[in-house]
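Where a number appears in this text, it was derived from the coordinates with a stated rule and is not lab data. Quick caveat, the model's predicted, so the values are computed rather than measured. Using ideal geometry, Cβ is built from the backbone for each residue, glycine included, and neighbour counts are taken over all protein chains shown.
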Amino acid sequence: MALTESNMLELGTKAPDFTLPDTVSGKDISLSDIQSDRATVIMFLCNHCPYVIHVNPEIVRLAREYQEKGVRFAAISSNDANKYPQDGPLEMKKHAEKAGYPFPYLYDESQDAARDYDAACTPDFYIFDGRLRLAYRGRLDGSRPGSGIPLTGKDLRAALNAVLAGAPVAEEQYPSAGCGIKWKGK
C-alpha cells in the first residue's frame, strides 16, 4: 500500500455541503444536521486502513472530550465498496460499534463528498469554525503505526483549542498520511 498525504484544502474554504446515509443510525445526515456554532470536525476514515486503525482510540477519546465543549464530529468513508467490501455500509456499522465511535459514520457511495473536500487519504481531518470556514486540515498528530510515537491528538487538539478560544490556528499545518482513498474506476 502506498502512503498518501492530504491535499491540504485551502484554509478559509466554506465546508462543502453533503447529505449521506449514517451507517449506524440508518438516517440520512447532512452537514446542517451536524454543524456546530463552535467547531465542526469532518474526518475521512475507512475500516481496513492500518493508519485509521492505529488512530481510532485517540479519535474516540478526542471526540468524546470535545463534544462536551460543543464541537460536533462526523466521519465519512468514501472507498469503493465494490472493490473493497470490507469498507461497505454493513461493515462500517460493525466497525463503528466496535471502535465506539461517538459520531455518525457516513457512507459516501458516489465519492462526491471526498471530491468536494479534496480528500486524498484515510485518515484525513478538517476543522471548520462556527461559520463553517476551514481553520485546520491535516493530521491528528505525528504518530504512525510502528513509529513508537504515542498517540496524543496534539495537532488536532491544538487547532480545536484555538478555534474554541477564537484565536488563530497555527499557520504551519502538517498533512495527514495514510491509505489513499479507493476511487472507483482506478
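Odds and ends about this structure:
- Region 73-186: antiparallel DSSP beta bridges as a percent of all, rounded to 5: 65
- Under 19 Å from the Cα of residue 184 - lysines, other chains or at least 8 residues apart: 83
- Radius 11 Å from Cβ of residue 82, net charge of other residues (Lys, Arg +1; Asp, Glu -1): 0
- Here the sum of -39500 (n - 2.57) over DSSP H runs of 4 or more residues, divided by the residues of the chain, equals -8000 deg cm²/dmol at 222 nm, to the nearest 500.
- Here the dipole of region 1-121 is about 400 debye; that uses its Cα centre as origin and unit charges on the Cβ of Lys and Arg (positive) and Asp and Glu (negative).
- Label selected from (1) 44; (2) 38; (3) 34, the criterion being percent of Cα pairs over 23 Å apart as computed here: (3)
- Cβ-based charge dipole, region 1-106, positive-most Cα from 57, 36, 77: 57
- No disulfide-compatible partner, judged by a Cβ distance under 4.7 Å, exists for the following cysteines of the chain: 46, 121.
- Comparing 40, 13, 23 in a Gaussian network model of the chain where C-alpha atoms under 10 Å apart are linked, the largest mean-square fluctuation is found at 13.
- Of all the options 57, 102, 150, the one that moves most in a Gaussian network model of the chain with Cα springs shorter than 10 angstrom is 150.
- Estimated dipole of region 48-87 in Debye, rounded to 20 [Cβ of Lys and Arg +1, of Asp and Glu -1, Cα centre]: 100
- Region 98-186: GluC sites (Glu not before Pro) in DSSP coil with no more than 10 other Cβ atoms inside 10 Å: 171, 172
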